[in-house]
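**Student:** What follows is a structure written as structure tokens; I'll ask about it next.
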Amino acid sequence: MARKLEKNPVKVELMDKLVSKYRDERAEIWLALARMLERNREVNVSRIAKLCRKGETCAVPGKVLGKGDIDFGVSVAAYGFSHKAKEKIVNGGGKCLSFEELMEKNPKGSGVKILGG
């Protein structure tokens, strides 16, 4: 799939895991995230605060950056987090997850909102 375009072996491995989870669970979210990871996307904490509600889970097919604030708990799965972004999400009562953790916690991907698409 993306192996021809993506050169980062860690990202290629993650994309393969997402596609495999899609095949196992028939949950379209994993295929969508794998495809979106091909492009480098960045989402600021302020965007998460604007588009998510307390208690929701969102997925960022790229890196979460620390611009802005969040004062409520939200679970965020992403390819990467800046130190400041992670700090702000956790201090707001939220959680920072890897995609592997999200797939294990929620195999069907139900209720997960994709940001940065």
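The values are calculated or read from the model by the stated rules, or taken from the named source; none is laboratory data. All values derive from a computational prediction rather than experimental measurement. As a convention, Cβ positions derive from the backbone with ideal geometry for all residues, glycine included, and neighbour counts pool all protein chains shown. Heavy atoms of the whole protein, side chains included, go into the accessibility calculation; ligands, DNA and RNA do not. Shrake-Rupley method; radii C 1.70, N 1.55, O 1.52, S 1.80 Å.
**Student:** Just to verify a number: what accessible area does CYS96 come out at with the full protein assembly present, 1.4 Å probe, Å² rounded to tens?
**Tutor:** Near enough 30 Å² of accessible area.
**Student:** What full-extension length gain, to one decimal in nm, is calculated for ASP69 and HIS83 as 0.36 nm per residue of separation minus the Cα-Cα distance? Please report the intermediate quantities before stating the final value.
**Tutor:** Working: separation 14, 0.36 × 14 = 5.04 nm, distance 1.36 nm.
Length gained, ASP69 through HIS83: 3.7 nm.
**Student:** Report the accessible area of GLU25, computed with a 1.4 Å probe over the heavy atoms of all protein chains in place, in Å² rounded to the nearest 10.
**Tutor:** The accessible area comes out at roughly 50 Å².
**Student:** When the Kirkwood radius is taken over all Cα pairs of the chain, what Stokes-Einstein diffusion coefficient follows at 37 °C and 0.692 mPa s, in µm²/s? Intermediate results must be reported in sequence, preceding the final value.
**Tutor:** Numbers: Rh = 14.1 Å.
Result for D is 233 µm²/s.
**Student:** Could you check the simple spin-label distance between ILE114 and GLU42, using points 7 Å along Cα→Cβ, in nm with one decimal?
**Tutor:** Spacing of the two 7 Å Cα→Cβ label points: 2.2 nm.
**Student:** Follow-up question, since we're still on this one. Given a cut-off of 23 Å, name the pairs among LYS21/LYS84; LYS67/LYS95; LYS7/LYS63 whose C-alpha atoms lie farther apart than that in the structure shown. Mind showing how you got there, number by number?
**Tutor:** Details: LYS21/LYS84 30 Å; LYS67/LYS95 17 Å; LYS7/LYS63 17 Å.
Going by Cα-Cα distance, LYS21/LYS84 fall outside the 23 Å limit.
**Student:** Moving on to the next point. Using a 1.4 Å probe, what is the accessible area per residue for region 14-117, in Å²? Spell out each step's value before the answer.
**Tutor:** Values: 5490 Å² over 104 residues.
Here the per-residue accessible area is 53 Å².
**Student:** Sorting check: for 103-115, 65-77, which peptide has the highest mean count of neighbouring beta carbons within 10 Å, and how do the rest follow?
**Tutor:** On the way: 103-115: 15.8, 65-77: 17.8.
In decreasing order of mean packing, 103-115, 65-77 become 65-77, 103-115.
**Student:** On full extension of the chain, what length is gained from GLU25 through ARG53, given 0.36 nm per residue of separation minus the C-alpha to C-alpha distance?
**Tutor:** Details: separation 28, 0.36 × 28 = 10.08 nm, distance 2.62 nm.
So the chain would gain 7.5 nm between GLU25 and ARG53.
**Student:** What are the equivalent ellipsoid semi-axes of region 60-117, built from the alpha-carbon gyration tensor (square roots of five times its eigenvalues), in whole angstrom, biggest first? Present the calculation step by step, with values, prior to reporting the outcome.
**Tutor:** Numbers: eigenvalues 71, 30, 21 Å².
So the three semi-axes of region 60-117 are 19, 12, 10 Å.
**Student:** If you average the alpha carbon positions of region 9-69 and of region 87-117, how far apart do those two centres end up, in angstrom?
**Tutor:** Taking the Cα centre of region 87-117 as reference, the centre of region 9-69 is 8 Å away.
**Student:** Still on this structure, please answer the following. Given the Cα-Cα distance of ASN91 and GLU104 and 0.36 nm per residue of separation, how much length would full extension add, in nm?
**Tutor:** Working: separation 13, 0.36 × 13 = 4.68 nm, distance 2.40 nm.
Full extension of this stretch gives 2.3 nm more.
**Student:** Additional query: With the full set of protein chains in place, find how many percent of the accessible area of the chain is carbon and sulfur; take the probe as 1.4 Å. Please list the in-between numbers first.
**Tutor:** Numbers: 3140 of 6650 Å².
Reported share for carbon and sulfur atoms: 47 percent.
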